[in-house]
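The values are calculated or read from the model by the stated rules, or taken from the named source; none is laboratory data. As the structure is a prediction and not an experimental result, all values here were calculated from the model. Note that we place each Cβ from the backbone using ideal geometry, even for glycine, and neighbour counts take in every protein chain shown. With ligands, DNA and RNA removed, areas are computed over all heavy atoms of the protein, side chains included. Shrake-Rupley method; radii C 1.70, N 1.55, O 1.52, S 1.80 Å.
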Amino acid sequence: MQLTDYEKSLRDGMNGRAKAQAMDLLIRYGEAVGAERLIETNNVAGAFNASSPSTRHIVEKGFDAVYSELNLDSDEVVDVPHVEANTCQLITGIDNDNWELQGASREMVEQQRASERYLGERGVNMFATCTPYQVGNVPVQGEHCAWMESSAVIYCNSVLGARTNVEGKESTGAAALTGRIPYWGYHLTENRFGTHLITLETAVEDMMDWGLLGYFIGEQVEEDRPVIEGLSHQPDLIKLKHFGAAAASSGGVEMYHIPGVTPEARTVEEAFGPGRPVQHLHYGAAERRATFESLQSATDRKVDFIMLGCPHNSIEQMALIAQLLRGKKIHPDVALWVHTPRAIKQVAERSGYCDVITQAGGAVMSDTCPAISRRMPEGVRVIATDSAKQAHYLPAIANVQGWFGSVQHCIDAALTGQWNAEV
Ligand code: F3S
């Protein structure tokens with residue numbers, strides 16, 4: 001791999017052992033994927049904090065040991081310096097406020113908080129959300145990033161036109177300390193053109209529709225790059241967030257184009273660049289119906305847990321949930337958890353939305369989600385969610401039955417304890 005003089009000096013330990021270990025990792029990773037060089041990045045979103053019982057044995061040796069082992073893949077415990085690139089923490093395992101509700105121990109939340117103080121001293125910003133683009137980390141078109149989290153990566157590449165592969169804990173740990181990441185995959189223009197053309201033959205309107213479309217497309221194209229034509233209206237952040245999260249979970253899609261909407265394709269021709277579609281798929285009422293049915297893993301209509309906010313809710317979603325719950329009480333046998341980034345929770349608190357949700361009997365959660373934390377209310381058997389991604393993962397992870405529907409369907413289930421939506 002070609003390295004600049006500065007990168008060689010990092011590799012050779014001129015700037016400390018931590019950066020040398022980080023360069024060693026990046027060189028090994030880059031060579032494994034055939035990258036010819038590294039690219040500068042000043043935008044890293046990763047998972048650095050120690051928030052699970054599995055890290056406790058390393059925490060006993062100190063947080064430098066945690067970073068060395070989990071974020072640098074290093075047997076040697078190195079002194080971790082201040083980060084070189086702007087870096088933020090994605091989702092964590094524990095809600096710093098609602099940890100008791102999650103069933104976490106005081107010891108674990110204190111470990112997480114101590115870990116966050118250690119990281120903050122080194123310049124890692126504690127966004128603690130899977131949607132950094134909702135709370136201030138909005139890279140510009142063409143910006144090279146090093147992001148983890150599939151739903152964030154697909155948003156970053158497609159909607160923002162910035163460039164990242166799906167990175168891991170180790171590569172983001174190394175990128176944070178060096179400001180470098182291997183130059184391959186979605187960093188290269190030739191890998192960003194469309195592969196499949198999808199023509200819409202039915203209206204795709206609300207957030208649930210966009211989740212269904214994403215889920216269908218992910219299953220069809222797997223890890224390729226769909227180009228979608230035939231929209232009846234302009235989608236917004238919320239719809240594209242749900243579309244991308246669904247496509248990334250059913251198939252592993254990391255980039256798509258919607259000509260006239262996403263920034264790298266003004267037209268279908270531009271979306272495909274020098275290539276041609278390998279397949280032309282159609283999405284009509286039958287495909288929508290089949291996808292909706294495939295997302296229902298439940299048979300029991302008695303629901304006991306409603307999860308909203310995957311990916312984490314925007315302020316507009318919080319406002320809608322409050323509007324639907326105002327003056328009402330959720331069913332006594334049901335738990336309702338509404339997930340939003342901590343920064344948005346502050347706005348929701350100030351706007352009165354959190355009070356409405358908690359007075360109705362729900363909880364507003366931040367920092368985490370059930371799929372990542374593996375924590376839900378005790379004894380849950382049947383969940384309902386407005387997220388195709390959560391409907392995909394949670395039943396498999398937690399061995400529960402799952403219903404998928406709109407926010408309105410889910411709030412209705414929270415109020416009645418029953419899944420009443422047509423399936
Ligand atoms: Fe975010 Fe958890 Fe969903 S990380 S995208 S809320 S599965």
Q. Does at least one position in region 110-125 carry a residue that is hydroxyl-bearing (S, T, Y), open to solvent by less than 60 Å² (accessible area, probe 1.4 Å) and not in a helix (DSSP H, G or I)?
A. no
Q.
One residue is enough: does region 345-361 have a residue meeting the conditions within 17 Å of G93 (Cα to Cα) and not assigned by TED's automatic domain parsing to the domain that holds D97?
A. no
(Q) It is to be established whether one or more residues within region 84-91 are open to solvent by less than 10 Å² (accessible area, probe 1.4 Å), without any contact (Cβ under 8 Å) to a residue 60 or more places away in the chain and under 27 Å from the mean Cα position of the chain (by Cα). (A) yes
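Give I154, I181 a once-over and let me know the one that is within 18 Å of the chain's Cα centre (by Cα) and either open to solvent by less than 20 Å² (accessible area, probe 1.4 Å) or small (G, A, S) (or both).
Testing whether each residue is within 18 Å of the chain's Cα centre (by Cα) and either open to solvent by less than 20 Å² (accessible area, probe 1.4 Å) or small (G, A, S) (or both) leaves just I154.
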Q) From the list T172, T178, which residue is within 16 Å of G46 (Cβ to Cβ), touching a strand residue (DSSP E or B) at 6+ places or on another chain (Cβ under 7 Å) and among the polar types (S, T, N, Q)? A) T172
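Examine region 323-344 for a residue that is among the small types (G, A, S), touching a Leu at 6+ places or on another chain (Cβ under 7 Å) and outside the structural domain of N125 (by TED's automatic domain parsing), and state whether such a residue exists.
no
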Q. Which residues, taken from region 126-139, are out of contact with any strand residue (DSSP E or B) (no Cβ under 7 Å at 6 or more places or on another chain), part of a loop (DSSP other than H, G, I, E, B) and within 12 Å of the ligand (Cβ to nearest atom)?
A. T129, C130, T131
**Q.** Among residues of region 216-251, those that are open to solvent by less than 20 Å² (accessible area, probe 1.4 Å) and either within 14 Å of the ligand (Cβ to nearest atom) or among the charged types (D, E, K, R) (or both), counted
**A.** 11
Q: Report yes if some residue within region 47-63 is among the basic types (K, R) and assigned to a helix (DSSP H, G or I); otherwise report no.
A: yes
Q.
So for region 369-387 (the condition being more than 22 Å from W99 (Cα to Cα) and within 16 Å of the ligand (Cβ to nearest atom)), does at least one residue qualify?
A. yes
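Results for (1) among the small types (G, A, S); (2) modelled with pLDDT of 95 or more; (3) exposed (fewer than 15 other Cβ atoms within 10 Å of the Cβ); (4) in contact with an Asp or Glu (Cβ under 8 Å, 6 or more places away or on another chain), shown as yes or no for each residue.
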site: A20; (1), (2), (3), (4): yes, yes, no, yes
site: M23; (1), (2), (3), (4): no, yes, no, yes
site: E36; (1), (2), (3), (4): no, yes, yes, no
site: N49; (1), (2), (3), (4): no, no, no, yes
site: P53; (1), (2), (3), (4): no, no, yes, no
site: H57; (1), (2), (3), (4): no, no, yes, no
site: A65; (1), (2), (3), (4): yes, yes, no, no
site: S68; (1), (2), (3), (4): yes, yes, no, yes
site: L72; (1), (2), (3), (4): no, yes, no, yes
Q. Scanning region 163-178 for residues that are surrounded by fewer than 24 Cβ atoms within 10 Å (Cβ to Cβ) and under 20 Å from E223 (Cβ atoms), which turns out farthest from the ligand (Cβ to nearest atom)?
A. N165
Q) Do you know which residues across region 322-344 are closer than 21 Å to A371 by Cα and touching a strand residue (DSSP E or B) at 6+ places or on another chain (Cβ under 6 Å)? A) A335, L336, W337, V338, H339
Q) Going by the structure shown, is G142 without any contact (Cβ under 8 Å) to a residue 40 or more places away in the chain, assigned to a loop (DSSP other than H, G, I, E, B), over 13 Å from N86 (Cα atoms) and away from the ligand (no atom under 15 Å from the Cβ)? A) yes
Q | Complete set of residues in region 393-403 that are surrounded by fewer than 24 Cβ atoms within 10 Å (Cβ to Cβ) and either without any contact (Cβ under 8 Å) to a residue 24 or more places away in the chain or within 9 Å of the ligand (Cβ to nearest atom) (or both) | A | Y393, A396, N399
